[in-house]
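A quick write-up on the structure given underneath.
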Protein chains: 2
Amino acid sequence: MRPSLILSPRDLEFLLHEWLQVETLTKRPRYAEHSRETFDAVLELAEQIATEHFAPHNRTADENEPHLVDGKVVLIPEVAAALQVFAEAGMNAAMLPEELGGMQLPAVVNQAVHAWFQAANIGTSAYPFLTMANANLLVAHGTPEQVQTYVPPMAEGRWFGTMALSEPQAGSSLADITTRAVPQDDGSYRLTGNKMWISGGDHELTENIVHLVLAKVPGGPPGVKGISLFVVPKFLVAPDGSLGERNDVVLAGLNHKMGYRGTTNTLLNFGEGVHTPGGQPGAVGFLVGELHRGLTYMFHMMNEARIGVGMGATALGYTGWLHAVDYARTRTQGRPLAGKAVSSTGVQSPPVPIVEHPDVRRMLLAGKSYVEGGLALGLYCARLVDEERTADTAEERARAHLLLETLTPIAKSWPSQWCLAADDLAIQVHGGYGYTRDYPVEQFYRDNRLNPIHEGTHGIQALDLLGRKVVADGGAGLALLGETIAATTARAADTEWADLAATLEDLVQRLGTVTAALWAAGDPESALANATVYLEAAGHVVVGWLWLEQALATEGRDGDFHAGKRQAARYFQRWELPKVGPQLALLASLDDTVLQTRSDWL
Amino acid sequence: MRPSLILSPRDLEFLLHEWLQVETLTKRPRYAEHSRETFDAVLELAEQIATEHFAPHNRTADENEPHLVDGKVVLIPEVAAALQVFAEAGMNAAMLPEELGGMQLPAVVNQAVHAWFQAANIGTSAYPFLTMANANLLVAHGTPEQVQTYVPPMAEGRWFGTMALSEPQAGSSLADITTRAVPQDDGSYRLTGNKMWISGGDHELTENIVHLVLAKVPGGPPGVKGISLFVVPKFLVAPDGSLGERNDVVLAGLNHKMGYRGTTNTLLNFGEGVHTPGGQPGAVGFLVGELHRGLTYMFHMMNEARIGVGMGATALGYTGWLHAVDYARTRTQGRPLAGKAVSSTGVQSPPVPIVEHPDVRRMLLAGKSYVEGGLALGLYCARLVDEERTADTAEERARAHLLLETLTPIAKSWPSQWCLAADDLAIQVHGGYGYTRDYPVEQFYRDNRLNPIHEGTHGIQALDLLGRKVVADGGAGLALLGETIAATTARAADTEWADLAATLEDLVQRLGTVTAALWAAGDPESALANATVYLEAAGHVVVGWLWLEQALATEGRDGDFHAGKRQAARYFQRWELPKVGPQLALLASLDDTVLQTRSDWL
């Protein structure tokens, strides 16, 4: 299969077809128009566009980050050019239903398509991906008029979208947002407030920008229960779809980041009086769905975005790892240890490719287990989206929904940690060269460092998993995860993978025991004090299970590719899963070291 | 004590005086002129200069990296200004003997002095620190004339020095260097070749640059046994010390790095004919010490540099951690979990400083255990330099030398890994702000990423420890380390730290068993295949021991500072040392997963 330093087409083929059997989705009515050929064709098109139009300006965009000229955000022209090719290929609308001009692709294929762009150029890819998350939310919760007004232009790539949650004083604490939305006689609202960390918040890439904004309507309940969701376009839209007045959404500043620089990240002011649409103060917004249910709707988008962040982390790790493998096979330096240590003749054999050094292979094998594990996790979750949407029975759909909910914090955080580690190892394989800006791995590392932060930090994901997902409905989510893993380990019982299966069974059992022990006293502060350790332990168990899944999927297949999969599974079993033991032991001990630490002691 | 975001004066006082008892060194003849007052005075002066002259341009230097104008390296003027203040304060010569114009400070105090500058501005601090390592090598191995010619100008800060080892084709494999040195009738040599990764290789900061260059004299033995060391000044020096002809050492290019940007990093060409000193081709060089012993001399400098790299990593982690603690105490966001989870009244209590959130305290406590552990390790090693040099008996000096040799790869690698982790956590504590260039922690993280690479990568340190240090002399180094740790654990037997001591005794015993098991077959390739895991396990054991040392040093002392030390020791015991178990188990299993992995499987 064609080689690439962006992603591995062979691995995608394995995961999508040999493992996840995505072709079976074409038996479902929603995907009946599709076939393996259409799936493969869109993946090949994605690879081609990513390779030819996204990857070439990845470094250029990093070196020339968005900046202000006369109050407008200036990007390098390659970004708009690439996004135009992307839009013309229909990629903006890959997952939308046909009636909205979309390809109606399964989520799992769409996720793989996205990964090509994320790996090639995470900064440029963010604009359409935020836009599609925005469109998906409107399709799910907007009025027919809102869908008709905003979704087709976003599907065509003529308008882009954002999600505007955070505020400077509130950060992750959405209960404290102070943006106000005051109802008007015509049913619209006027918004005033400041939003922070808005990716794609302003630019000249498209003629309009559709902001989805969290705000509070005066008189509503305090805290998160009083949050509503509004669609606030940069330019108001006339009934015929043409652009009208400038809305009072104004760029207040750009953030300057360590990496991920191609994506404009902004502070936005709403309703500060720079513009007065209709001669009135305030930014014009339109309520999405019901009043005070904004956070629920936004979580629809956030969950999708969290899996997307995990996939972005995986994609950045994957391309870094591919670059490291390529470098290790071509760069010569030093000699095998055995030869060097036993020979005292002083005769110099020629240097060998550094992949011949065990420590370099260690780093590459570790990286492989992280990035291929992360890709399996992201695609598995996307496959659950398809199940949630198209499985035959309501029960199957509910189970898929529950499992996806449980896995989402892991799908976000595990790749953010371990595929960043893969980029770290990719630098290390390159040695000094990897630390220079002449090689791409240093950028992947900087870009990837955002992923443990945005869309909810690692710590927030941990609270979501241990404080919400595994305890809701009497622990139904964790039970379902356990059953799902047990179904895999049962298949492994009489194979060479029985020992890995047994290890996983033991860890799942201990995870359940630990969960119960943590919550036994019913004290959330104690239960959640070490939640991050819980998240990390659960993440390794889940990815260990997905490595068993992959190992089983290689059965009966020979050759280097499948041998590599098996070796990576062995690596994960022998080198990674043992790390979980001390984590579970720490949790089981109800260790209060952190909880007892006083600020003055630091 | 005065607060600082660069380093903690209180912690330095604890480590130097309450723990390491450095004042006792003044009983040794070499340090008899010193007292606690002179030590404290130079530390305060270092803090003042670091605070006022180094820290303020740390970000500016990052944003304006060295660049070429008309073939000359241009730096921001703040660098030269800071280094002039540094030189005028006598800091260049802090450790040199008085007869060479130095302060004759103990190494341990000097290391603490250095740390202030490394933490304040690692890029600017590198110039004098490389210079001092160069001067120390010449003092140890140069002729009296070489010392007289080169050392005083370096001590005064009028000239700077470099170490020129690597070559583009050779990297860490010094056996493969091809720079040639041809003897001349007048006893000098003419050098030709290309050197890579030379920090401080060219600039206009000083009127001359003294390069210490590894090269091969034709006809010598192949490999590392044919390497000699030469001093090659940028400008030749007349007998009266005035500068003469331009030598043929020419800047061939600058490397552009992810971080550490203030330090010029260069490719240098020697003897390519740009200049022809004395009308002859070749760069003029002078042999240092004996022919073919260059690598031995360079390792003198390298070992010093490796401890310096570890201290640099610690310093960058330490300042990042201090910034994170400060941020966590002042930034308000969210509410305690318990309050949030139990209250359903909807009444909003005010947001709390984020240090109140357990997961933030977890990150800060982990960071504390890393950076204070790293500082203890670096200062302990520097204290061994003093013992090696001034202990009363030859036996004590030999023991100090052996222990220092054994600890050096750990002193280099452990802080490079874990104090980088501290900077990673410091970003995470800051959330999105930490990812922006408006806060310093993102730069500390980028700067610190160099440390696992230069002066021998993590993998090289691992081979040094497991392949050389712990097996030399029948394992004398490891045995001595074990005895040294046992002396500490014996003191802990009847204290509240008995459990930590018992854990350490067990780990030391297992480390010895594993070492023997790895080498039992006498096959270096198998023994060393997993050397990096060995390095990491040994590093955690060593730092665990130093936390026990610190905990014992708090006995009988009350207050927040000492309570914090004890809590960090507890954290290291409960959260960090358990990570070593699976590492030792993996090593004991003689796992060959990595060794059996074929390049084609990746």
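The values are calculated or read from the model by the stated rules, or taken from the named source; none is laboratory data. Since we're looking at a predicted model, the values are computed, not measured. When we count neighbours, we look across all protein chains shown, and the Cβ atoms used for this are built from the backbone with ideal geometry, even at glycine. With ligands, DNA and RNA removed, areas are computed over all heavy atoms of the protein, side chains included. Shrake-Rupley method; radii C 1.70, N 1.55, O 1.52, S 1.80 Å.
Overall form of region B:161-290: oblate. Here a/c, set by the Cα gyration tensor axes a ≥ b ≥ c, is 1.5 or more, and a/b is not larger than b/c. Of B:MET95, B:MET298, the order by accessible heavy-atom surface (1.4 Å probe, DNA, RNA and ligands excluded), from most exposed downward, is B:MET95, B:MET298. Given +1 at the Cβ of Lys and Arg, -1 at the Cβ of Asp and Glu and no other charges, the dipole of region B:161-290 around its Cα centre is 440 debye to the nearest 20. Neighbours of B:LEU500, meaning other residues whose beta-carbon lies under 14 angstrom from its beta-carbon, give a summed charge of -3 when Lys and Arg score +1 and Asp and Glu score -1. In degrees from 0 to 90, rounded to the nearest 10, what is the angle of the helix B:358-390 Cα long axis to the longest principal axis of chain B? The angle comes out at about 40 degrees.
Note on B:HIS256 and B:ARG59: with the Förster distance fixed at 22 Å, the Cβ-Cβ geometry gives a FRET efficiency of about 0.80. Overall dimensions of region A:457-596, expressed as equivalent-ellipsoid semi-axes from the Cα gyration tensor (√(5λ), whole Å, largest first), are 31, 15, 12. Put the Cα centre of region B:398-459 next to the Cα centre of region A:377-409 and the gap is 41 Å. Each Lys and Arg contributes +1 and each Asp and Glu -1, all at the Cβ; summed about the Cα centre of region B:457-602, the dipole is approximately 200 debye. Among the protein heavy atoms, those of A:VAL360 account for about 20 Å² of accessible surface (1.4 Å probe, every chain in place). Fraction of C-alpha pairs exceeding 21 angstrom in region B:9-155: 49 percent, rounded to a whole number. Annotation: the protein assembly as shown has a Kirkwood hydrodynamic radius of 31.6 angstrom, from the mean reciprocal C-alpha pair distance. Place +1 on the Cβ of every Lys and Arg and -1 on the Cβ of every Asp and Glu in the protein assembly as shown, take the dipole about the Cα centre, and give the residue among B:VAL231, B:GLY432, B:GLY187 whose Cα lies farthest towards its positive end. Of the candidates, B:GLY432 comes out farthest on the positive side. The residue among A:ALA164, A:SER369, A:TYR318 whose Cα reaches farthest toward the positive pole of the charge dipole of the protein assembly as shown, with charges on the beta-carbon of Lys, Arg, Asp and Glu, is A:SER369.
Once you list every other residue whose beta carbon is under 14 Å from the beta carbon of B:LYS216, what net charge do they have if Lys and Arg are +1 and Asp and Glu are -1? Combined, the nearby Lys, Arg, Asp and Glu give +3.
Placing a label point 7 Å from the Cα of B:THR276 along the Cα-to-Cβ direction, the residues of region B:237-270 whose backbone N falls under 14 Å of that point are B:248. Within the straight-line cut-off of under 17 Å between alpha carbons, the lysines reachable from B:LYS216 are B:LYS195, B:LYS225, sequence neighbours fewer than 8 places apart in one chain being disregarded.
Protein-only accessible surface at a 1.4 angstrom probe places the residues B:ASP438, A:ASP592, B:ASP70 in the order B:ASP70, B:ASP438, A:ASP592, largest first.
Annotation: A:GLU576 carries an accessible surface of approximately 0 Å², with a 1.4 Å probe and no ligand, DNA or RNA atoms counted.
Suppose only helical runs count, i.e. DSSP H with n ≥ 4. What mean residue ellipticity at 222 nm does that imply for chain A under -39500 (n - 2.57) per run, divided by all residues and rounded to the nearest 500 deg cm²/dmol?
That comes out to -17000 deg cm²/dmol.
The angle between the Cα long axis of helix B:122-141 and the longest principal axis of the Cα atoms of chain B comes to about 60 degrees, rounded to the nearest 10.
To the nearest ten degrees, helix B:77-88 and the longest principal axis of the Cα atoms of chain B are 90 degrees apart.
Positive end of the dipole of region B:15-90 (Cβ unit charges, origin at the Cα centre): among B:HIS34, B:ILE76, B:ASN64, the Cα lying farthest that way belongs to B:HIS34. Both numbers refer to the Cα atoms of chain B; Rg and Dmax are 24.8, 93 Å.
Basic side chains Lys and Arg get +1 at the Cβ, acidic Asp and Glu get -1 at the Cβ, and with that the dipole of chain B about its Cα centre reaches some 1100 debye. Between copies, the label points at B:GLU98 (set 7 angstrom from Cα along Cα-to-Cβ) are spaced 9.4 nm, reported in nanometres from shortest to longest.
Contact order, relative form, for chain B: 12 percent (alpha carbon pairs under 8 Å, 6 or more residues apart, mean separation divided by residue count).
Residues B:VAL471, A:VAL274 ordered from highest to lowest accessible area at a 1.4 Å probe: A:VAL274, B:VAL471. On the beta carbon distance between A:ALA140 and A:GLU396, with R0 = 25 Å, the FRET formula returns roughly 0.80. Here is how far apart the B:GLN596 label points are across copies: 4.5 nm, shortest first, using a point 7 Å from Cα toward Cβ.
Take every Cα pair under 8 Å whose residues are at least 6 apart in sequence, average their separation, divide by the length of region B:161-290, and the relative contact order is 29 percent.
For A:GLN148 and A:ALA486, what is the calculated FRET efficiency with R₀ set at 41 Å and r taken between the beta-carbons, to the nearest 0.05?
Here the calculated transfer efficiency is 0.30.
For B:ILE227, the shell of other residues with beta-carbons less than 10 Å away shows a net charge of +3, using +1 for Lys and Arg and -1 for Asp and Glu. Working from Cα pairs under 8 Å separated by at least six residues, relative contact order for region B:9-155 is 24 percent. Sorted from nearest, the other copies put their B:ALA563 label points 6.1 nm away, the label point being 7 Å from Cα in the direction of Cβ.
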